[in-house]
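Asks: Attaching a single structure in structure tokens format; questions to follow.
The values are calculated or read from the model by the stated rules, or taken from the named source; none is laboratory data. Keep in mind it's a predicted model, so treat the numbers as computed, not measured. Neighbour counts run over all protein chains shown; Cβ positions are idealised from the backbone, glycine included. Accessible surface is based on the protein model in full, side chains and every heavy atom, while ligands, DNA and RNA are left aside. Shrake-Rupley method; radii C 1.70, N 1.55, O 1.52, S 1.80 Å.
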Amino acid sequence: MPALNVWTFFYGSYMNLEVLKGVDFTPAQWEVARLHGFDIRIQPRANLIRSDQYCVYGIVATATHAELSRLYAHAQDVLGEIYLPEAVLVETVAGQWLPALCYICPEMEPRPAARDYVERILQPARTLGFPAWYVARLESFYSDET
């Protein structure tokens, strides 16, 4: 039986296709999308918090459950954070609504973000044409300590 592909919303460094290539994952399909009802934090890793005032931009991409397991095991082993899947509804820039998985860390101790980590998120945000207000939001996570 072939592996089932599921839509997954990536909002942090995993929306950077070069970062995904570095962990041997290339989505077969992807497009820019936004997730309403959440805000982004990068302290020290990208994470989402519920918010009725903001939305989060990223990409929605196809992945198998095996690929997602491998990807988020990497997040735990290398980045030191445990992300768990949640079911969400994302809106593509074309206005299509898609059910997707989204991985969120339920407990992350706030710490300053490394400048190079924030840049791995900012690069695709700029390239993919995210709104200026959202790029500025991401830039606000640069730390004076890094």
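Asks: Take the residues of region 43-56 that are more than 20 Å from residue 116 (Cα to Cα) and in contact with a Phe, Trp or Tyr (Cβ under 8 Å, 6 or more places away or on another chain): which is surrounded by the most Cβ atoms within 10 Å (Cβ to Cβ)? Talk me through it step by step, then tell me what you get.
Replies: First, pick out the residues of region 43-56 that are more than 20 Å from residue 116 (Cα to Cα): 49-56.
If we keep only those that are in contact with a Phe, Trp or Tyr (Cβ under 8 Å, 6 or more places away or on another chain) as well, we get 49-51, 54-56.
Working: 49: 12, 50: 9, 51: 13, 54: 18, 55: 17, 56: 24.
Filtering first and then ranking leaves 56.
Asks: Residues in region 119-133 that are over 12 Å from residue 11 (Cα atoms) and either assigned to a helix (DSSP H, G or I) or modelled with pLDDT under 95 (or both): how many?
Replies: 6
Asks: Might you let me know whether region 63-79 holds any residue that is in a strand (DSSP E or B), farther than 25 Å from residue 116 by Cβ and either open to solvent by 90 Å² or more (accessible area, probe 1.4 Å) or out of contact with any Ser or Thr (no Cβ under 9 Å at 6 or more places or on another chain) (or both)?
Replies: Checked region 63-79: at least one residue is in a strand (DSSP E or B), farther than 25 Å from residue 116 by Cβ and either open to solvent by 90 Å² or more (accessible area, probe 1.4 Å) or out of contact with any Ser or Thr (no Cβ under 9 Å at 6 or more places or on another chain) (or both).
Asks: Right, something else. Could you list, in sequence order, all residues of region 90-103 that are under 14 Å from the mean Cα position of the chain (by Cα) and either loosely packed, with under 12 Cβ neighbours inside 10 Å or not hydroxyl-bearing (Ser, Thr, Tyr) (or both)?
Replies: Here is the first cut: in region 90-103, the residues under 14 Å from the mean Cα position of the chain (by Cα) are 90, 100-103.
Those that are under 14 Å from the mean Cα position of the chain (by Cα) and either loosely packed, with under 12 Cβ neighbours inside 10 Å or not hydroxyl-bearing (Ser, Thr, Tyr) (or both): 90, 100, 101, 102.
Asks: A follow-up question, please. Could you tell me which residue of region 1-15 is farthest from residue 76 (Cα to Cα), considering only residues that are part of a loop (DSSP other than H, G, I, E, B) and either free of Cβ contacts under 8 Å to residues at least 12 places away in the same chain or open to solvent by less than 70 Å² (accessible area, probe 1.4 Å) (or both)? Give the derivation first.
Replies: We begin by selecting, within region 1-15, every residue part of a loop (DSSP other than H, G, I, E, B); these are 1-4, 11-12.
Next, only the ones that are either free of Cβ contacts under 8 Å to residues at least 12 places away in the same chain or open to solvent by less than 70 Å² (accessible area, probe 1.4 Å) (or both) stay: 1-2, 11-12.
Details: 1: 29, 2: 27, 11: 17, 12: 14 Å.
Result: 1.
Asks: Give region 104-118 a look and list any residue that's surrounded by fewer than 16 Cβ atoms within 10 Å (Cβ to Cβ) and part of a loop (DSSP other than H, G, I, E, B), or say none.
Replies: Kept after step one, since they are surrounded by fewer than 16 Cβ atoms within 10 Å (Cβ to Cβ), are these residues of region 104-118: 106-107, 109-112, 115-116.
Correct list: 106, 107, 109, 110, 111, 112.
Asks: Can you pull out the residues in region 24-42 that are within 21 Å of residue 130 (Cβ to Cβ), surrounded by fewer than 16 Cβ atoms within 10 Å (Cβ to Cβ) and of a type in the set (Gly, Ala, Ser)?
Replies: 37
Asks: If you don't mind, another one. For region 134-146, which positions are of a type in the set (Asp, Glu) and either assigned to a helix (DSSP H, G or I) or in contact with a Leu (Cβ under 6 Å, 6 or more places away or on another chain) (or both)?
Replies: So in region 134-146, the residues of a type in the set (Asp, Glu) come out as 139, 144-145.
Hit for region 134-146 is 139, nothing else.
Asks: Would you point out which residue out of 59, 82 is open to solvent by less than 60 Å² (accessible area, probe 1.4 Å) and either touching a helix residue (DSSP H, G or I) at 6+ places or on another chain (Cβ under 7 Å) or at pLDDT 95 or above (or both)?
Replies: After applying the criteria, what remains is 59.
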